[in-house]
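Colleague: Before anything else, here's the structure in question.
The values are calculated or read from the model by the stated rules, or taken from the named source; none is laboratory data. No experiment lies behind these values; they were computed from the predicted model shown. All Cβ positions, even for glycine, are placed from backbone atoms using ideal geometry, and neighbour counts span all protein chains on display. Protein only, heavy atoms only, side chains kept; ligands, DNA and RNA dropped before computing areas. Shrake-Rupley method; radii C 1.70, N 1.55, O 1.52, S 1.80 Å.
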2 protein chains.
Amino acid sequence: MASIKDVAAAAGVSVATVSRVLNDHPSVSDDARTRVLAAVETLGYRPNAVARSLRTDQTRTLGLVISDVLNPYFTELARSVEEEARALGYSVIIGNADERPDLQDHHVRTLLDRRIDGLLVSPAEGGSPLMLEAARAGTPMVFVDRWIPGLDVPVVRADGRAAIRDLVAHLHRLGHRRLAIIAGPAATTTGSERVEAFREALAEYGAPLPDAYIGQGDFQAESGRRVTEGFLDLPEPPEAVFATDNLMALGALDAIRARGLQVPRDMALAAFDDIPWFVHTDPPITAIAQPTGELGRAAVRALVDRIEGRPPQSVTLPARLVARRSCGEGRANDNRDDNQTPVQRSTS
Amino acid sequence: MASIKDVAAAAGVSVATVSRVLNDHPSVSDDARTRVLAAVETLGYRPNAVARSLRTDQTRTLGLVISDVLNPYFTELARSVEEEARALGYSVIIGNADERPDLQDHHVRTLLDRRIDGLLVSPAEGGSPLMLEAARAGTPMVFVDRWIPGLDVPVVRADGRAAIRDLVAHLHRLGHRRLAIIAGPAATTTGSERVEAFREALAEYGAPLPDAYIGQGDFQAESGRRVTEGFLDLPEPPEAVFATDNLMALGALDAIRARGLQVPRDMALAAFDDIPWFVHTDPPITAIAQPTGELGRAAVRALVDRIEGRPPQSVTLPARLVARRSCGEGRANDNRDDNQTPVQRSTS
DNA sequence: GGAGTCCGTGGAATCGATTACACGCTGTCG
DNA sequence: CGACAGCGTGTAATCGATTCCACGGACTCC
């Protein structure tokens, strides 16, 4: 592959001049410029990003470490991150941690080794030592969705508190009194926060949240199934289950059906994170929708601000309830909305 | 960030010795080795992958250019690719082309600029000039899922021919005679092949495939909706629709429901590509399942073989029919299988 | 007409690693 | 006892870019 030297030789100028043309530095004569451009063309020359990065100490690359690519929420997040990054002239390398701290560590390490300009992280299980160290060492970093308290790192996330209150109101209005929750790992902020908000909302209705109605999941479908089976085995099973992510909701749906029971007749179901497929499940699932795309874009903007020396800002955006049929038939003034994306239009 | 020079200074040796220790070259004294290792430890030194890549002319990175990350099929593919690559000591950079040739070009270009060791591509729309050029220039490359004929590039893909024949048999057995298809872009191999196989399978039953029953889609949900609406507007609408990817199937489902019609009573529906959610839709959708994970792993192995100088092999794996309820109730000897992954167990 | 300015250009240092080559030392063998 | 092999190490070249500095020539201005 042709290097800058070959171009210089072909154009009859020095490498310095070629470099100047490539980075359109002002002081190059038109003559030299056209000759260099011609040489670039005929040689099919493309600058070596590796060499450039070594010299300039910047890679124009962002690292994104997420907990689970197979989760449609994170897939969408990753997509919006890449889009915004591209618009700002950056590439993105995605590391999928699969909710495993060791894998998260692996990806943080390789990304750091590659000298990415900044790191976008949705930490699994309270984060890894490496990540904390990198944050403290001053690596530009932004947390997205989940975060780690006590670190001076901007956080871009959705606040589900109000939407969870709406959900509890919705469930209450539909006559459900015994409400249970499938929690995520307590070590993740989203894991604990959603339970907290749920508990507080219940308190507003004078309802307790007994320990038996708090199932411990890990954001994966299988745990949703397991926890829900536990609920169903209770002497007095809950009337409604709130799964704190979409995969666990799927597991819950499985578990309920496996007993020959029906949603919402035998048990109501709601989920945190809305995804296109929820419109098409049987029944369509009531969910709390995050502004995922906006979250991804805001996170990138914050990180790039930080990288380029501007003060980065934490961002919190509201989530909102999207009522469908999985909790029972809502009244007319329920916030019924299935028209969010083309895929979702016209159904349920 | 500490460099190899700092380590050398701290350990009281030359950079060459440090490098030798790091790459565990045999001829280093134990004394030097321990001193270097100690210095590495206290400085928290990590080698700069950028510098190393420049010198060694290899990045131990694979590029993966796929057509649409939001499509669960490709998400799963990407995940298995990353897994296998990691096992072989490589990283993966994913480029999402969103079915747009210009974006595909953009990603191929940046990946090439970064001097990735090899490229895994699922070409959108017949591929870009850049890609063809790279292939001809000898960039290690492997096609996965889709490919471009006439290029000396190994292909790793699933053969859906037999499964499509099974599907047609299944539909025929259930009494459906007027069968339509939603095709993908003709410029993609998967787009044209699936139509071809469908046509041939129909021919075995003496059935034609009239042009009116071939809808032109683009592998996105919206096109599935549009095409299906066209089918429904026909004086004699088809009795069954076969969508050649999962997103178009979703669009079709939408379109059918929007008219107040039911699947499979009013129209049967089947899809190419099986995904976990198909078990949970209303009704569960009959689909042709590709061995996605195996495809991704085989593609990485082929590419790494090519990179490391071993002869790479093209691989073709069979797809298979997974009958569910969207085409009508099958007989007992139908190949009913909902037990592929934990998420899918026990339902439909 | 001499001093100073500006412009285009090239030489060379530099980024952080790898690695060919040379060198000094020790030990072996004829 | 001299030659030679082998080992551990350091010096320096190298990868492909960017960029500081200096230089020569043209031009302006007093």
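Colleague: Anything in the stretch A:172-194 that is surrounded by 20 or more Cβ atoms within 10 Å (Cβ to Cβ), hydrophobic (A, V, I, L, M, F, W, C) and under 23 Å from the mean Cα position of the chain (by Cα)? List them, or say none.
Modeller: Once the filter is applied, which keeps residues that are surrounded by 20 or more Cβ atoms within 10 Å (Cβ to Cβ), hydrophobic (A, V, I, L, M, F, W, C) and under 23 Å from the mean Cα position of the chain (by Cα), the stretch A:172-194 yields A:181, A:182, A:183.
Colleague: Within the stretch B:55-72, restricting attention to residues that are of a type in the set (Ser, Thr, Tyr) and facing chain A (nearest Cβ under 9 Å), which residue is farthest from DNA strand D (Cβ to nearest atom)? Quick ask: steps written out before the conclusion?
Modeller: Going through the stretch B:55-72, the residues of a type in the set (Ser, Thr, Tyr) turn out to be B:56, B:59, B:61, B:67.
Add one more test, that the residue is facing chain A (nearest Cβ under 9 Å), and what stays is B:59, B:61.
Numbers: B:59: 12, B:61: 16 Å.
In this case the residue turns out to be B:61.
Colleague: Also: Over 24 Å from residue B:96 (Cβ atoms) and among the acidic types (Asp, Glu), is that true of residue B:117?
Modeller: For residue B:117, the condition - over 24 Å from residue B:96 (Cβ atoms) and among the acidic types (Asp, Glu) - is not met.
Colleague: If you take just the strands (runs of 3 or more DSSP E) that sit entirely in the stretch B:168-273, which of them hold at least 1 residues that are within 12 Å of chain A (Cβ to nearest Cβ)?
Modeller: Filter on the stretch B:168-273 gives B:268-272.
Colleague: Is it the case that residue A:146 is part of a loop (DSSP other than H, G, I, E, B), basic (Lys, Arg) and either under 23 Å from residue A:72 (Cβ atoms) or more than 9 Å from chain B (Cβ to nearest Cβ) (or both)?
Modeller: yes
Colleague: Name the single residue that is modelled with the highest pLDDT among those in the stretch B:275-284 being out of contact with any Lys or Arg (no Cβ under 6 Å at 6 or more places or on another chain) and in a loop (DSSP other than H, G, I, E, B). Write out each step before concluding.
Modeller: The initial filter retains those residues of the stretch B:275-284 that are out of contact with any Lys or Arg (no Cβ under 6 Å at 6 or more places or on another chain), namely B:275-282.
Those left that are additionally in a loop (DSSP other than H, G, I, E, B): B:275, B:280, B:282.
Working: B:275: 92, B:280: 84, B:282: 81.
The selected residue is B:275.
Colleague: I would also like to ask the following. Anything in the stretch B:276-291 that is surrounded by fewer than 24 Cβ atoms within 10 Å (Cβ to Cβ), under 20 Å from the mean Cα position of the chain (by Cα) and within 14 Å of chain A (Cβ to nearest Cβ)? List them, or say none.
Modeller: Across the stretch B:276-291, the qualifying residues are B:276, B:277.
Colleague: Looking only at residues in the stretch B:204-223 that are over 23 Å from residue B:247 (Cα atoms) and open to solvent by less than 60 Å² (accessible area, probe 1.4 Å), which one is nearest to the chain's Cα centre (by Cα)?
Modeller: Top of the filtered list is B:210.
To keep it simple, each residue is scored yes or no on (1) at pLDDT 95 or above; (2) away from DNA strand C (no atom under 11 Å from the Cβ).
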| site | (1), (2) |
| --- | --- |
| A:7 | yes, yes |
| A:17 | yes, no |
| A:32 | no, no |
| A:36 | yes, no |
| A:50 | yes, no |
| A:54 | yes, no |
| A:57 | yes, no |
| A:68 | no, yes |
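Colleague: In the stretch A:105-137, which residues are open to solvent by less than 20 Å² (accessible area, probe 1.4 Å), within 12 Å of chain B (Cβ to nearest Cβ) and in a helix (DSSP H, G or I)?
Modeller: Scanning the stretch A:105-137 gives A:107, A:108, A:111, A:134.
Colleague: Is there a residue being modelled with pLDDT of 95 or more and closer than 18 Å to residue B:167 by Cα anywhere in the stretch B:215-235?
Modeller: Among the residues of the stretch B:215-235, not one is modelled with pLDDT of 95 or more and closer than 18 Å to residue B:167 by Cα, which makes the answer no.
Colleague: So residue A:118 ticks every box in (1) farther than 30 Å from residue A:250 by Cβ; (2) more than 16 Å from DNA strand C (Cβ to nearest atom); (3) in contact with a Phe, Trp or Tyr (Cβ under 8 Å, 6 or more places away or on another chain) but one. Which box is left unticked?
Modeller: (3)
Colleague: Can you confirm whether residue B:145 is closer than 22 Å to residue B:194 by Cα and free of Cβ contacts under 8 Å to residues at least 40 places away in the same chain? If you could, list the steps in order and put the result at the bottom.
Modeller: Details: closer than 22 Å to residue B:194 by Cα: yes; free of Cβ contacts under 8 Å to residues at least 40 places away in the same chain: no.
Considered against the rule, which asks whether it is closer than 22 Å to residue B:194 by Cα and free of Cβ contacts under 8 Å to residues at least 40 places away in the same chain, residue B:145 comes out as no.
For (1) facing another protein chain (nearest Cβ under 10 Å); (2) in contact with a Phe, Trp or Tyr (Cβ under 7 Å, 6 or more places away or on another chain); (3) closer than 30 Å to residue B:250 by Cα; (4) within 16 Å of DNA strand D (Cβ to nearest atom), each residue gets a yes or a no:
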site	(1), (2), (3), (4)
B:34	no, no, no, yes
B:46	yes, no, no, no
B:53	yes, no, no, yes
B:74	yes, no, yes, no
B:83	yes, no, yes, no
B:88	no, no, no, no
B:103	yes, no, yes, no
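Colleague: Filter the stretch A:11-32 down to the residues that are touching a helix residue (DSSP H, G or I) at 6+ places or on another chain (Cβ under 7 Å), within 12 Å of DNA strand D (Cβ to nearest atom) and either under 26 Å from residue B:137 (Cβ atoms) or within 14 Å of another protein chain (Cβ to nearest Cβ) (or both) and list them by number.
Modeller: Within the stretch A:11-32, A:13, A:15, A:18, A:19, A:21 qualify.
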